[in-house]
Every structure is written in C-alpha cells, then in structure tokens.
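Take a look at the structure below.
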C-alpha cells in the first residue's frame, strides 16, 4: 500500500511542495520547520493548542468589530471551530495530502488527525508571524474558517 509517508521523509520536504502549500493557505513561512511540525501527526499537538486559541481570538474580535451579540459570536465560534467544519474544510482543500503520519496509521488520515492538523496549521502561522492575528486571520480565510459573510 502506498502512502504519503513512504514518499516523503518529512512534510513539505521540497521547496516546491512548501510553495504549493503556502499558496494554498495564503501564508509564506519564515521558519518552514513550524509548518512541517504542524503537518506531522502526532507531533503537532502543541501547535494545535496555539491554533485553537488563535482561531477563537480572531473570530471573537471579528464578531466584536461587526457589533455581533454575544450569542451570535458564540454561535460562529461553535460552528467555525467545531470538529465537523474543521474536518470538512481540511479534506475539501486536500490538506490530507500534505500530512505525514507515523507508521501505525498506514497512510490513512482520520478525522481527528485532520482536526488537529487544521488547528496546528493556524498555530504554526501564529507562532511564525510578526503580526500573528492578521496572519492567522488571512490563513483562516484561505482555509474557509473565517467569519461567515
């Protein structure tokens, strides 16, 4: 059985692969090691925590600026940061093709892995950027995770 793990020793191992991925998420990394870690399951869990917090901050601030009610902000937070939305967006955008799994997963990206990875991508952007909130917001928009229009 062929898997992405067989093809690459690490996620985005070539400059070309990195550029393709950066274009997909609308962010260019200063430290590519961060996005490689975000795409390496199960080693991306620390970045997942940063990404989950960054997503909540970006969406909450957007709701505040739009003068949304607390209930409206909470509804958008629940929908946009929910496991179902993160998973669907990740698979629809082909993020699974970039995830490196350890050998025990046999090249199969499970839903929980996709959710963790989507959060970790936002976390990697947040940590890498000199303007983390703006950069996280742009990447969230590229991933379909921003405030709904």
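Share of pairwise Cα-Cα distances greater than 12 Å in the range 75-116 is 59 percent (whole percent).
Below 8 Å, C-alpha to C-alpha, sequence gap of six or more: please give me the relative contact order for the chain in percent. Before the final figure, lay out the partial values.
Working: 210 pairs, mean separation 58.7, N = 149.
Here the relative contact order equals 39 percent.
Under a no-solvent Debye model with one identical scatterer per Cα of the range 86-146, what's log10 I(q)/I(0) at q = 0.12, 0.25 Å⁻¹? For the range 86-146 at q = 0.12, 0.25 Å⁻¹, log10 I(q)/I(0) is -0.30, -1.01. To test your reading of the geometry: what angle, between 0 and 90 degrees and rounded to tens, separates the Cα axis of helix 45-65 from the longest principal axis of the chain? Result, in degrees: 30.
Only helices enter this figure: runs of n ≥ 4 DSSP H residues, each worth -39500 (n - 2.57), summed and divided by the residues of the chain, yield -19000 deg cm²/dmol at 222 nm to the nearest 500. Converting the Cα gyration tensor eigenvalues of the chain into ellipsoid dimensions via √(5λ) gives semi-axes, longest first, of 27, 16, 12 Å. Just how far, in whole angstrom, is the range 25-80 from the range 114-143 if you go by their alpha carbon centroids? Spelled out, the Cα-based centre of one part sits 6 Å from the other.
Every number here is computed from the coordinates shown, using simple stated rules; none is lab data. Treat the numbers as computed from the prediction; the structure is a model and nothing was measured.
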